[in-house]
1. Considering region 204-226 alone, what residues qualify as being of a type in the set (Asp, Glu) and open to solvent by 60 Å² or more (accessible area, probe 1.4 Å)?
2. Output the qualifying pairs, or none if there are none: Cβ atoms under 6 angstrom, residues six or more apart or on different chains, first residue in region 88-108 and in a helix (DSSP H, G or I), second residue of a type outside the set (Lys, Arg) and open to solvent by 80 Å² or more (accessible area, probe 1.4 Å).
3. Restricting attention to region 81-99, does a residue exist that is within 16 Å of ligand 3 (Cβ to nearest atom) and surrounded by fewer than 19 Cβ atoms within 10 Å (Cβ to Cβ)?
4. Check LEU278 against each of (1) surrounded by fewer than 24 Cβ atoms within 10 Å (Cβ to Cβ); (2) away from ligand 1 (no atom under 16 Å from the Cβ); (3) under 18 Å from VAL33 (Cβ atoms) and name the one condition it does not meet.
5. Please determine whether any residue of region 192-205 is among the acidic types (Asp, Glu) and part of a loop (DSSP other than H, G, I, E, B).
6. Starting from region 119-137, keep only residues that are more than 18 Å from PRO20 (Cα to Cα), then list their pairs with residues that are in a helix (DSSP H, G or I) and more than 16 Å from ligand 1 (Cβ to nearest atom) whose Cβ atoms are within a distance under 7 Å, requiring at least 6 positions of separation or different chains.
7. Answer with yes or no whether ASN62 is more than 15 Å from the chain's Cα centre (by Cα), under 21 Å from GLY186 (Cα atoms) and not hydrophobic (A, V, I, L, M, F, W, C).
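The values are calculated or read from the model by the stated rules, or taken from the named source; none is laboratory data. Keep in mind the model is a prediction, meaning the values are calculated, not measured. Every residue, glycine among them, receives a Cβ derived from its backbone with ideal geometry; neighbour counts consider all protein chains shown. Side chains included, ligands, DNA and RNA excluded: accessible areas come from the protein's heavy atoms. Shrake-Rupley method; radii C 1.70, N 1.55, O 1.52, S 1.80 Å.
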Amino acid sequence: MPEFVDLHSHSTASDGTFAPADVVHLAHEAGLVGMALTDHDTVAGLAVAQEEARRRGLVFLNGIEISAVCPVPGGTLHILGYGVDPANEVLQRMTRDLLEARDNRNPQIIARLRELGIDVTWEEALAQAQGGVLGRPHIAALLVRKGVVKTIKQAFDEYLGQGGKAFFDKERLSPQDAIGRIRAAGGVPVVAHPVQLRTTNDAQLQQVIRDLVDLGLGGIEVVHSDHGEADVEKYHRLADRYNLVKTGGSDFHGTNKKDINLGVANGRRIPREWMDELLAATSK
Ligand code: AMP
Ligand code: ZN
Ligand code: FE
Ligand code: FE
């Protein structure tokens with residue numbers, strides 16, 4: 001019997017809607033044999049998730065997802081860090097700095113929304129995040145709850161996404177710093193959902209990946225909910241070409257991304273062997 005895992009998921013520690021232990025519970029119920037929790041900018045959920053995974057007999061891998069400056073204008077570069085040590089000082093300083101960058105941005109978003117005549121407050125945004133790292137999906141969910149928009153997607157399209165009426169960027173790490181700090185914290189850096197890089201041709205994609213490899217990139221997310229068949233094939237080839245570990249995950253966010261279930265990424269599943277190879281890479 002083939003066994004499957006999910007290496008990309010979010011909990012209430014960042015912008016998912018299920019608590020870390022509940023994400024593990026759901027993974028178990030979905031029949032997965034292993035998972036990684038990869039919250040944005042925080043390792044706060046890892047200890048509880050790991051304990052729950054141990055109890056349920058799932059293989060667990062620490063993770064984090066970091067936003068970096070994208071070398072392609074208009075694109076998005078997220079770096080996953082697998083096997084990071086939550087107690088590492090470089091990691092702790094990095095997460096502190098990243099939260100500070102969010103604290104600089106989020107009030108600007110709320111202030112702009114209020115200028116636009118929308119009745120949202122900072123307190124409501126904080127409450128929506130339930131103590132987790134406050135991200136745009138929380139503000140999007142708040143806008144849905146208040147009836148300002150119908151869906152999270154509409155909230156991003158009209159207000160929160162690039163080009164939206166209340167879009168503010170946050171200060172990001174350079175790719176070099178994101179990759180370097182994950183390495184310094186004992187982790188393997190993996191480029192998340194490369195389709196979001198928005199490269200316009202294969203030569204550009206190759207150049208971007210090669211540059212990241214030169215900075216210490218260790219893997220590429222081949223399977224992801226945003227990837228179609230052609231994307232999966234393309235990233236598979238790139239992984240082989242640059243000797244990168246292949247990873248995959250759903251990018252589960254609970255009800256903040258309603259169509260995405262744990263263990264399934266646009267109809268595809270992630271073989272256990274990919275997690276085994278990633279585990280081997282983290283212990284090198
Ligand atoms: P933040 O980290 O606060 O910038 O928010 C990033 C999160 O917002 C990521 O989890 C994305 O998946 C989500 N996101 C970004 N753009 C969109 C969009 N157009 N629709 C839905 N979610 C989005
Ligand atoms: Zn997210
Ligand atoms: Fe991401
Ligand atoms: Fe993610």
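1. If the condition is that a residue be of a type in the set (Asp, Glu) and open to solvent by 60 Å² or more (accessible area, probe 1.4 Å), then ASP211, ASP214, ASP226 are the ones that fit.
2. Within 6 Å, the pairs are ALA101/GLU171.
3. Scanning region 81-99, I find no residue that is within 16 Å of ligand 3 (Cβ to nearest atom) and surrounded by fewer than 19 Cβ atoms within 10 Å (Cβ to Cβ), so the answer is no.
4. Of the numbered conditions (1) surrounded by fewer than 24 Cβ atoms within 10 Å (Cβ to Cβ); (2) away from ligand 1 (no atom under 16 Å from the Cβ); (3) under 18 Å from VAL33 (Cβ atoms), the odd one out for LEU278 is (1).
5. Within region 192-205, the subset among the acidic types (Asp, Glu) is 202.
Checking the rest, the ones that are also part of a loop (DSSP other than H, G, I, E, B) come to none.
No: region 192-205 contains no residue that is among the acidic types (Asp, Glu) and part of a loop (DSSP other than H, G, I, E, B).
6. Listed by first residue and then by second, the contacts come to VAL120/ARG114.
7. Numbers: more than 15 Å from the chain's Cα centre (by Cα): no; under 21 Å from GLY186 (Cα atoms): yes; not hydrophobic (A, V, I, L, M, F, W, C): yes.
So ASN62 fails the test.
A quick yes/no check of all residues on (1) away from ligand 4 (no atom under 15 Å from the Cβ); (2) assigned to a loop (DSSP other than H, G, I, E, B); (3) modelled with pLDDT of 95 or more; (4) of a type outside the set (Lys, Arg):
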{"site": "GLU221", "(1), (2), (3), (4)": "no, no, yes, yes"}
{"site": "HIS227", "(1), (2), (3), (4)": "no, yes, yes, yes"}
{"site": "HIS236", "(1), (2), (3), (4)": "yes, no, yes, yes"}
{"site": "THR247", "(1), (2), (3), (4)": "no, no, yes, yes"}
{"site": "SER250", "(1), (2), (3), (4)": "no, yes, yes, yes"}
{"site": "LEU262", "(1), (2), (3), (4)": "no, yes, yes, yes"}
{"site": "TRP274", "(1), (2), (3), (4)": "yes, no, yes, yes"}
{"site": "LEU278", "(1), (2), (3), (4)": "yes, no, yes, yes"}
